Amino acid sequence: MGRKKVTSSDVAKRAGVSQATVSMVLNKKYNVSFSKEVIRRVEEAAKELGYELPKRRTRKEEHRENLLVVISPNLTNPYYVMLLQGIESRAAEQDFGIFVCNTQRDLKMEERYLKMMPSLNPQGIIYICNPSQCFMGEVEELAKQIPVVVINNQDERLAVDAVELDNSKLGRMMARHLLELGHRHVAYIATPLTARQKQRSRRVEGFLKEFKSAGLGDNVVIKAADEQTDKDIPGIDSEYRIGYDLTKELLKEHKELTAIVGLNDMIAFGIMDALHDEKYKVPGDMSVMGCDNTLFSKVKKVSLTTIEHFVIYKGMDACDIIVKKIKTRMKKYTEMEPVSIYHVEYEPRIVVRGTTSYPRDEKRKINKKHDKN
């Protein structure tokens, strides 16, 4: 005759508690407050008797075992592809699948995806952009049920786990590099600087602040794309076109410029092509800078000076935080789940390549100094 199956009643008898208490303790449903002693007795009794909770695996739960959702604003900029690459590489190591929701910066699409979360029932959600402010309530509520990580702008002060980026610092670093080279008349080209996309404004503000500190704030021209650009479905060349078209406008309006900065590398590529078409030499006639250190910036024919802020590693860290939280929920170290908020930040570095140099007047001064010596 086979061995009799251990039931929750057996555990209740051994622990000296009710069957309902056994069920709530082992299912971690602490609607009623239990003492540490009661929890210890129930868990030890279950372990000694070899009792296992009945498996109630539904299709929903099967999905939940291996699924992470990534919410992205678009996949036309290599920056977001790099973040996704970092997430996917780490998720694969942990045997998780990835479901990507591309919002295309559309509020209705973002709302639609958020409403899908209960049916998808993922183990975790990674926002690789700032959630729209109008949905922050929903995002923070979701974070109470499942792990949510945002790869966001440092100043947003979100009440969820975050892999952070100080965009103001990036802007200051870009400005400092140009000031050290002797540039006094510069322009900054950006995607739309709207209230919804604060991270862009902070990068520009950091740049401008550094020039103001040098007494040259009036010498900076800020050129941002029209707000409609964010409302259109992004094309593969959207940000490149912003850099190209706005550079053409700048060259007609401001002859004194010696350097043009792009909010990101894609814009910088557009800047460089517009300068090439207008017969400007880079960096001889005009220095150019980008930000993000994407793959194409390293190509020798491009050799773009840019800012490295370890994008792929941020994706990896976001996934690590999710997995850590999932594993924490599965452990039984205490009678209640610990609450923790992770904030990870990398120190950015400037990568000087071949698109920035001294402006022409500064080069002449340097050459004369060398000739005298």
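A few remarks follow.
- Enumeration of residues in the range 272-326 that are assigned to a loop (DSSP other than H, G, I, E, B) and within 25 Å of Glu253 (Cα to Cα): Glu278, Lys279, Tyr280, Lys281, Val282, Pro283, Gly284, Asp285, Met286, Gly290, Cys291, Leu304
- Among strands (runs of 3 or more DSSP E) entirely within the range 149-257, having at least 1 residues that are at pLDDT 95 or above singles out 186-190, 220-224.
- Of the residues making up the range 105-129, those that are open to solvent by less than 60 Å² (accessible area, probe 1.4 Å), in a loop (DSSP other than H, G, I, E, B) and within 26 Å of Asp230 (Cα to Cα) are Arg105, Ile128, Cys129.
- Within the range 20-48, tally of residues that are open to solvent by 70 Å² or more (accessible area, probe 1.4 Å) and at pLDDT 80 or above: 7
- Within the range 290-304, residues that are at pLDDT 90 or above sit with their Cβ atoms under 7 Å from residues that are among the basic types (Lys, Arg), at 6+ positions apart or across chains, in these pairs: Ser303/Arg353; Leu304/Arg353.
- Residue check: Met136 meets all listed conditions (1) of a type outside the set (S, T, N, Q); (2) under 25 Å from Met266 (Cβ atoms); (3) open to solvent by less than 40 Å² (accessible area, probe 1.4 Å) but one, namely (2).
- The range 335-365, residues that are open to solvent by less than 70 Å² (accessible area, probe 1.4 Å), in a loop (DSSP other than H, G, I, E, B) and modelled with pLDDT under 85: Glu335, Ser340, Tyr342
- Extreme residue, modelled with the highest pLDDT, among residues of the range 49-59 that are open to solvent by 100 Å² or more (accessible area, probe 1.4 Å) and over 13 Å from Val11 (Cβ atoms): Lys55
- Of all residues in the range 66-90 being over 13 Å from Lys314 (Cα atoms) and not in a loop (DSSP other than H, G, I, E, B), the one that is most open to solvent (accessible area, probe 1.4 Å): Asn66
- Members of the range 118-134 that are under 24 Å from Gln197 (Cα atoms) and not small (Gly, Ala, Ser): Ile125, Ile126, Tyr127, Ile128, Cys129, Asn130, Pro131, Gln133, Cys134
- Unique residue being surrounded by fewer than 24 Cβ atoms within 10 Å (Cβ to Cβ) and either free of Cβ contacts under 8 Å to residues at least 12 places away in the same chain or not acidic (Asp, Glu) (or both) when the list is Val261, Val282: Val282
- Condition met for Glu308 (within 26 Å of the chain's Cα centre (by Cα), open to solvent by 30 Å² or more (accessible area, probe 1.4 Å) and of a type in the set (D, E, K, R)): yes
- Qualifying positions in the range 176-192 - over 23 Å from the mean Cα position of the chain (by Cα) and not β-branched (Val, Ile, Thr): Arg176, His177, Leu178, Leu179, Glu180, Leu181, Gly182, His183, Arg184, His185, Ala187
The values are calculated or read from the model by the stated rules, or taken from the named source; none is laboratory data. What you are looking at is a predicted structure, and each value in this text was computed from that prediction instead of being measured. Ideal geometry is used to build each Cβ from the backbone, glycine not excepted, and the neighbour counts take in all protein chains shown. The area values use the complete protein model at the heavy-atom level, side chains included, leaving out ligands, DNA and RNA. Shrake-Rupley method; radii C 1.70, N 1.55, O 1.52, S 1.80 Å.
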